[in-house]
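To start, the structure under review is shown below, and the notes come after it.
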Amino acid sequence: MKKGIIILFWLCIWQLAAVMIHNDILLVGPFQVGRALLENMGRADFLRIVLCSAGRIGLGFFAALFGALLCGALSYRYTLLEEFLSPVITMIKSVPVASFVVLLLIWFGSSRLSFFISFLIVFPNVYVNTIAGLKSTDRQLLEMAEIFGVSTWNRFCFLYRPALMPYLASSLKISLGMSWKSGVAAEVIGIPQYSLGERLYMSKIYLDTAGLFAWTLLVILLSFLFERAVLYILKKLEDWKPCPSVRNRHRKRNNRSGHFVSGSVLSDSVSTDSQKAGGQDIHIRHIVKSYGEQRILEDFSLMMKAGGRYCLMAPSGAGKTTLLNLLNGIVRPEAGTIEGVPDIGMVFQEDRLCGEYDTAVNIMLAYGQAADCGKRGGREAIRNRILAEASEILPEECLTKPVKELSGGMKRRCAVLRAMLSDAEFIVMDEPFAGLDVESRERTAAYILKKLSGRTLLVTTHRAEDVELLGAELITLR
């Protein structure tokens, strides 16, 4: 109601100004413009004019959109490509549109002018925002995905897509209107046949102010509808809640966690035995790790037997988390060797969960027992199985809520579930019972032991009670 009243007010002002000026060449009223618009819509070639202009501008917009997304993704992956494209993007943003119009008229003529101008207006905005959005992806979640072997498709859907969408929406809101303004302006200069720009130019030639306003109003309406349609599709893509794929997980064994000598990965030919999954002891020999001038680990050695349970205790800052990150490959040692590390299922010091999604989705990203996922209803069966498992240590009413709405203790248990339900042979947990009350702690510890199934377990803790709960061997850092 308020918007309608405001629009009616300005229409009345417009009509009053036209009556006072009383010159159809200088200004016409809304009634004359409406009549001219209806007359134009009755033209035999009206539909062809609209479709030709909309087709050229729309094609230029979508070519720029998909081209910028592709180039942005490749530039994010390969920084050298970003450096090579940087001068080109700067040039496109800096050179006046009029210069491009003249040059493109010489090269391609008027028929393709609006396509190229629309492309040049949209491409740099989307490209720059695509790189910025991808770079804003949570690095801790990307580390989690690398360690758990999350598939490329799942990384895109659940890690990169949520980070990219706000940047993409912002760039499109600017680019959509600009593509139509610049595209029609290019048509006014190039005057291609059957175009809105040609009609605007002819209205100027014949001093047809009513026709000029009518065609302009049509351009505004088309731009508005085009913008709404694109943003609607984008919103649907943003709100899309896919079910994670649990097939084709690309676990890179011994790439990030495996053999290290002086911080470097040994070649696969060095030791075949140490690359076999499971059933193998883990050897840490004479590890040295520093951060700046602070020495965290000095000549540290440890051997963990396959299938053993170990609790690592030490004061804060003594290097517990550093040791875990050496095992999973997030950091590299300056000296020493780490051998026999199989695939790792990890509970990090932080929860590292995808907050917008529920418990089942977060677990399915790392789920490793996917033998029946290809069958009809396989994903739903896996989801139901995961929810049944999760209900053993989590209240059922919280299982379908986004994890960002859960308490700290519930998030912690979700992280534990993700590690235990992976197919990793080595389970590593950094203070998994943090934030849990006594009852939840005991129930979670019992669940860990139940699901361990002979896998090797390494847990960091500050509490001697946790060593007893897990029936683990105590390791201290000195």
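A full extension of the chain between ASN384 and MET91 corresponds to an added length of 100.1 nm, given 0.36 nm per residue minus the alpha carbon distance. Our note on the geometry: Cα centres of region 443-469 and region 123-192, 43 Å apart. Looking at the chain, the DSSP beta bridges with both ends there are about 40 percent antiparallel. Residues whose amide H falls under 5 Å from that of ILE475, counting only those 5 or more places apart or on a different chain, are CYS311, LEU312, MET313, with hydrogens built in the peptide plane.
Would you please give the FRET efficiency between ARG228 and LEU449, computed as 1/(1 + (r/R0)^6) with r the Cβ-Cβ distance and R0 = 45 Å, to the nearest 0.05? FRET efficiency, ARG228 to LEU449: 0.20. Within the chain, which whole H helices from DSSP have a Cα span along their axis of at least 24 Å and a mean Kyte-Doolittle hydropathy of -0.5 or more, if any? For the chain, where a helix must reach 24 Å along its axis and average at least -0.5, the hits are 2-21, 46-77, 113-135, 161-190, 209-239.
Report note on the peptides 301-310, 154-163: ranked by the mean count of other C-beta atoms within 10 Å, highest first, their order is 154-163, 301-310. Taking only protein heavy atoms and a 1.4 Å probe, the accessible area of the chain is 60% carbon and sulfur.
With 0.36 nm allotted per residue and the present C-alpha distance subtracted, the ASP437-CYS243 stretch has 66.6 nm of extension available. Put simply, the Cα atoms of region 376-478 extend 52, 28, 20 Å along their principal axes, the longest span coming first. Taking all protein chains into account, the per residue accessible area for the chain stands at 50 Å² (1.4 Å probe). Counting only heavy atoms of the protein chains and using a 1.4 Å probe, GLU334 has close to 80 Å² of accessible surface.
Between region 15-38 and region 387-425, the C-alpha centres lie 66 angstrom from each other.
Legend: residues GLU187, GLU293, sorted from most to least accessible area (1.4 Å probe; ligands, DNA and RNA excluded), read GLU293, GLU187. Here the extension length gained between ILE7 and TYR291 equals 95.9 nm, from 0.36 nm per residue of separation less the Cα-Cα distance.
Net charge in the neighbourhood of VAL403 (other residues with Cβ under 12 Å of its Cβ; Lys, Arg +1, Asp, Glu -1) is +3. Which of these values of Cα extents along the principal axes in Å was calculated from the structure shown: (1) 92, 73, 53; (2) 84, 54, 44; (3) 95, 49, 46? Read-out taken from this structure: (3). As a calculated quantity, the FRET efficiency between LEU51 and LYS236 at R0 = 25 Å, using C-beta atoms, amounts to about 0.50.
Per-residue surface analysis assigns ILE5 an accessible area of about 100 Å², computed on protein heavy atoms at 1.4 Å probe radius.
Protein-only accessible surface at a 1.4 angstrom probe places the residues HIS283, HIS22, HIS462 in the order HIS22, HIS462, HIS283, largest first.
Both radii come from the Cα set of region 18-85: Rg as radius of gyration, Rh as Kirkwood radius; their ratio Rg/Rh reads 1.38. Ranked by solvent-accessible area (1.4 Å probe, protein heavy atoms only, all chains present), the residues SER171, SER86 order from largest to smallest as SER86, SER171. Separation of region 426-441 from region 306-328 is 14 Å, based on Cα centroids.
How high is the FRET efficiency from GLU392 to PHE62, r the C-beta distance, R0 41 Å, rounded to 0.05? Computed FRET efficiency for GLU392 and PHE62 comes out at 0.25. Estimated purely from DSSP H runs of n ≥ 4, each contributing -39500 (n - 2.57), the mean residue ellipticity at 222 nm for the chain is -18000 deg cm²/dmol once divided by its residues.
The values are calculated or read from the model by the stated rules, or taken from the named source; none is laboratory data. From a predicted model like this one, the values you see are computed outputs, not experimental measurements. In this analysis, Cβ positions are derived from the backbone assuming ideal geometry, glycine residues included, and neighbour counts consider all displayed protein chains. Just so you know, the surface numbers come from the protein's heavy atoms only, side chains and all, with ligands and any DNA or RNA stripped out. Shrake-Rupley method; radii C 1.70, N 1.55, O 1.52, S 1.80 Å.
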